[in-house]
Amino acid sequence: MSIFEAIVLAIIEGITEFLPVSSTGHMVITSSLMGIATSEYVKMFTVAIQFGAILSVVVLYWKRFFQSTSFYFKLFIGFIPALVFGFLFNDFIDGLLENAFVVGLNLFLGGVFLLFVDGWFKSNEELVQTELSYKTAFKIGLFQVIAMLPGVSRSAATIVGGLTQGLNRKHAAEFSFFLAVPTMLAATAYKMLKYQKSIGFKMDDMQLLFIGNLVAFIVAAIAIKAFIGFLTKYGFKVFGWYRIVVGLIIIILYSLGYNLEIL
């Protein structure tokens with residue numbers, strides 16, 4: 001993988017990680033189109049650069065991370081379902097990542113779902129937001145499990161999970177960001193350790209990882225602020241239509257025999 005390809009993937013990660021459009025799905029397709037998706041390093045890289053993205057959350061919301069110890073307990077409780085299911089079904093999930101049709105289908109179906117979300121939870125915007133309970137954090141964490149299917153979007157699943165628990169769009173999105181920190185940190189550490197044991201890092205590998213994480217950090221920091229403002233004002237419908245279009249394109253290309261399934 002070249003530096004240019006690493007930067008492209010990092011930009012896509014930074015833009016899409018916290019949007020309800022599936023960062024994994026976008027990076028799977030992009031790496032396939034660039035012809036580098038078969039590389040074990042690229043598979044590890046697309047997960048490892050999430051570390052840069054989650055650092056942007058910590059920096060932008062640093063006050064929340066020093067607010068109280070209960071905040072960390074709630075994040076851990078919300079993280080437990082993903083931890084358990086990820087450990088039990090890791091190989092199955094990796095297998096699904098190899099199928100571009102699955103990515104396209106989940107993008108499309110998720111897009112259709114997002115078209116109706118604003119209407120379903122319209123009353124949430126008028127509610128007075130209270131502190132999340134441990135039970136609520138756990139329930140939102142269950143929604144995060146759904147996002148293990150490629151193309152679903154961790155952000156979309158957890159934000160919708162927050163909406164089902166009475167949060168408005170802004171607070172649901174913010175908790176989704178916070179929950180991403182332990183989840184993506186664990187995924188990054190696991191993938192890097194697995195790669196180190198099976199293949200081993202070289203100096204060039206570390207250089208690309210540094211560049212990728214730096215770019216992902218900068219882009220994600222910009223994307224988070226822009227997304228919160230956009231979501232609060234306009235809702236999910238634009239993201240729904242975007243997912244539908246991208247999903248249909250992937251499904252059509254796959255049906256026509258284009259070689260997207262090359263992970």
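Quick notes
- Residue within segment 78-101 that is surrounded by 15 or more Cβ atoms within 10 Å (Cβ to Cβ), free of Cβ contacts under 8 Å to residues at least 60 places away in the same chain and either in contact with a helix residue (DSSP H, G or I) (Cβ under 7 Å, 6 or more places away or on another chain) or hydroxyl-bearing (Ser, Thr, Tyr) (or both) present: yes
- Breaking point among (1) within 25 Å of Leu109 (Cβ to Cβ); (2) over 13 Å from the mean Cα position of the chain (by Cα), for Lys202: (1)
- Of residues in segment 48-89 being within 28 Å of Leu214 (Cβ to Cβ) and outside any helix (DSSP H, G or I), the one farthest from the chain's Cα centre (by Cα): Gln67
- When restricted to residues that are in contact (Cβ under 8 Å) with a residue 24 or more places away in the chain and not polar (S, T, N, Q), segment 200-218 contains 10.
- Residue among Tyr254, Tyr258, Tyr195 that is out of contact with any Asp or Glu (no Cβ under 6 Å at 6 or more places or on another chain), modelled with pLDDT under 90 and not in a helix (DSSP H, G or I): Tyr258
- Checking each residue in segment 17-65 for being surrounded by fewer than 22 Cβ atoms within 10 Å (Cβ to Cβ) and of a type in the set (Phe, Trp, Tyr) picks out Tyr41, Phe51, Tyr61, Trp62, Phe65.
- Subset tally (residues that are surrounded by fewer than 19 Cβ atoms within 10 Å (Cβ to Cβ) and under 12 Å from Val117 (Cα atoms)) for segment 139-167: 1
- Top-ranked residue of segment 30-47 - restricted to ones that are among the aliphatic types (A, V, I, L, M) and at pLDDT 80 or above, ranked as nearest to Leu214 (Cα to Cα): Val47
- Scanning segment 1-16 for residues that are surrounded by fewer than 21 Cβ atoms within 10 Å (Cβ to Cβ) and touching a Gly at 6+ places or on another chain (Cβ under 8 Å) gives a single hit, Ile7.
The values are calculated or read from the model by the stated rules, or taken from the named source; none is laboratory data. Note that the structure is predicted; figures quoted are calculated from it, not measured. Methodologically, a virtual Cβ is constructed for each residue, glycine included, from the backbone with ideal geometry; neighbour enumeration extends over all protein chains shown.
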